[in-house]
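Here the structure is laid out as C-alpha cells; the discussion comes afterwards.
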C-alpha cells in the first residue's frame, strides 16, 4: 500500500482512536463522580457528629441518618457495578484503536522507506553511465 493511502487510513484511525479514548475518559469521569458521591455520603454522618449537629440528637435520628448514608453509598456502588461492563468494553475498544494506530504508524514508516528506496533505485538505474576513462 502506498504512503498516501496509508495516511488516509491513519486519519480515520486517529479519529476512531480519539473517539474511543474520549468515551473511555467520559466513563472514567462518571466512575470518579460515583466514587466522590459514595465518599461524601459515607462521611456525612461523621461530619455531622463532628460538627456537633447531631451530638444531642436522639439515637433513632442518628441511626436514620446512618441508614440514609449507607443507602446512598450502596446506590453509588450499584451504579459503579452497572458501569463496569461498559468501562471494560470501552477499554477494549480503546486498546484495539491504539493497536490499529500503532500498526498504521509502523506500516506508514515502512512504506515511506520502501518508496524512498524505490526512488533511489530508479535514480541509480536511470543515471547515465559513467564516461569511460582513458
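Kindly provide log₁₀ I(q)/I(0) values, in the same order as q = 0.09, 0.15, 0.19 Å⁻¹, from the Debye equation applied to equal alpha-carbon scatterers of the chain. For the chain at q = 0.09, 0.15, 0.19 Å⁻¹, log10 I(q)/I(0) is -0.56, -0.85, -1.03. The long axis of helix 59-126 is offset from the longest Cα principal axis of the chain by roughly 0 degrees. Would you mind pulling out the separation of the Cα centroids of the stretch 92-109 and the stretch 1-75, in Å? Each part's Cα centre sits 30 Å from the other's.
When the chain is treated as a GNM with alpha-carbon contacts under 10 Å, the residue of 14, 51, 70 showing the greatest mean-square fluctuation is 51.
Residue 78 to residue 47: FRET efficiency via 1/(1 + (r/R0)^6), r the Cβ-Cβ distance, R0 30 Å, to the nearest 0.05?
0.80
The C-alpha atoms of the chain define a longest principal axis, and helix 3-51 lies at about 20 degrees to it.
Label zone of residue 122 (point 7 Å out along Cα→Cβ, amide N under 13 Å): in the stretch 1-29 this covers 3. Label separation (residue 88 vs residue 57): 3.9 nm, computed from points 7 Å beyond Cα along the C-beta direction.
Just so you know, all these numbers are worked out from the coordinates, no wet-lab data involved. Bear in mind the structure is a predicted one, so any value in this text is a computation, not a measurement. Cβ sites come from the backbone with ideal geometry, for glycine too, and all protein chains shown count toward neighbours.
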